[in-house]
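Peer 1: I have a structure I would like to understand better, so I am pasting it below and will then ask my questions one at a time.
The values are calculated or read from the model by the stated rules, or taken from the named source; none is laboratory data. Predicted model only: the values in this text are computed from it and were never measured. All Cβ positions, glycine included, derive from the backbone under ideal geometry; neighbour counts span all protein chains shown.
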Amino acid sequence: MAIERTLSILKPDCTARNLTGEVNAMIEGAGLRIIAQKRLRLSQDMAEAFYGVHRDRGFFGDLVKFMTSGPVVVQALEGDNAIARYREVMGATNPYNAAPNTIRRRFASNIEANSVHGSDSAENAAIEINFFFREDEITG
Ligand code: GDP
């Protein structure tokens, strides 16, 4: 198996309910290592840039508003097949479709306030980690 890195975000619905520790326990319990982490409030510009791929979707404005509505915790995760592994631990985008014992099934409120983000490909993982972290902020 390949050791990979992926970008995780604990979204504002997660920080608002003080769930950082519980989500981190699920991440670590799944064998993923949190090799960088910081809490910040996304600006409008940052949220629009980060979700630029969804710019033409009807929900883009609402998504940006939600992602800037409170603090987020951004993380770089490392482990065997980390990108797919974390998406497994997260569960489906819509929490009603998410498998039992996934983060979204346990904690997400709805398809928008779905508690966590995880990169969807190796290419995007590299871009997204670079969006939030300098190399010297990551310690594997
Ligand atoms: P992900 O990779 O599972 O996070 O899903 P996507 O890349 O398809 O969507 C990005 C984020 O946009 C999701 O995690 C949700 O927060 C939000 N989102 C996706 N679909 C919808 C939708 O139909 N309505 C709303 N309001 N938000 C959505």
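Peer 1: List pairs: first in region 101-122 and within 21 Å of I3 (Cα to Cα), second more than 10 Å from the ligand (Cβ to nearest atom) and modelled with pLDDT of 95 or more, Cβ under 6 Å, 6+ apart or cross-chain?
Peer 2: G118/T6; G118/S8; G118/Y86; S119/T6; S119/L7; S119/I83; S119/A125; S119/E128
Peer 1: Let me confirm something: among F133, F60, which residue is of a type in the set (F, W, Y), away from the ligand (no atom under 12 Å from the Cβ) and surrounded by fewer than 20 Cβ atoms within 10 Å (Cβ to Cβ)?
Peer 2: F133
Peer 1: Quick check on this structure: which one of A76, A108 is under 21 Å from R39 (Cα atoms) and under 12 Å from the mean Cα position of the chain (by Cα)?
Peer 2: None of the other options fit; the residue is A76.
Peer 1: Whether any residue in region 57-71 is within 23 Å of R5 (Cα to Cα), of a type in the set (A, V, I, L, M), part of a helix (DSSP H, G or I) and touching a residue at least 12 places away in the same chain (Cβ under 8 Å) is what I want to check.
Peer 2: yes
Peer 1: Oh, and also: Determine whether S43 is surrounded by fewer than 16 Cβ atoms within 10 Å (Cβ to Cβ) and at negative phi.
Peer 2: For S43, the condition - surrounded by fewer than 16 Cβ atoms within 10 Å (Cβ to Cβ) and at negative phi - is met.
Peer 1: Considering only region 106-113, I want to know if a residue exists there that is modelled with pLDDT of 95 or more, outside any loop (DSSP other than H, G, I, E, B) and either within 12 Å of the ligand (Cβ to nearest atom) or acidic (D, E) (or both).
Peer 2: no
Peer 1: Could you give me the residue pairs with C-beta distances under 6 Å whose first residue belongs to region 1-24 and is free of Cβ contacts under 8 Å to residues at least 60 places away in the same chain and within 14 Å of L40 (Cβ to Cβ), whose second residue is assigned to a strand (DSSP E or B) and among the hydrophobic types (A, V, I, L, M, F, W, C) wherever it lies, and which are 6+ apart or on separate chains?
Peer 2: T20/L10; T20/V73
Peer 1: Determine whether I34 is aliphatic (A, V, I, L, M), in contact (Cβ under 8 Å) with a residue 12 or more places away in the chain, in a strand (DSSP E or B) and in contact with a His (Cβ under 6 Å, 6 or more places away or on another chain).
Peer 2: no
Peer 1: Please work out which residue is farthest from I138 (Cα to Cα), limiting yourself to region 1-29 and to residues that are among the aliphatic types (A, V, I, L, M) and surrounded by fewer than 17 Cβ atoms within 10 Å (Cβ to Cβ).
Peer 2: Per the stated criteria, the residue is A16.
Peer 1: I would also like to ask the following. Go through region 72-105 residue by residue and tally those that are outside any helix (DSSP H, G or I) and touching a strand residue (DSSP E or B) at 6+ places or on another chain (Cβ under 8 Å).
Peer 2: The number of residues fulfilling the criteria is 10.
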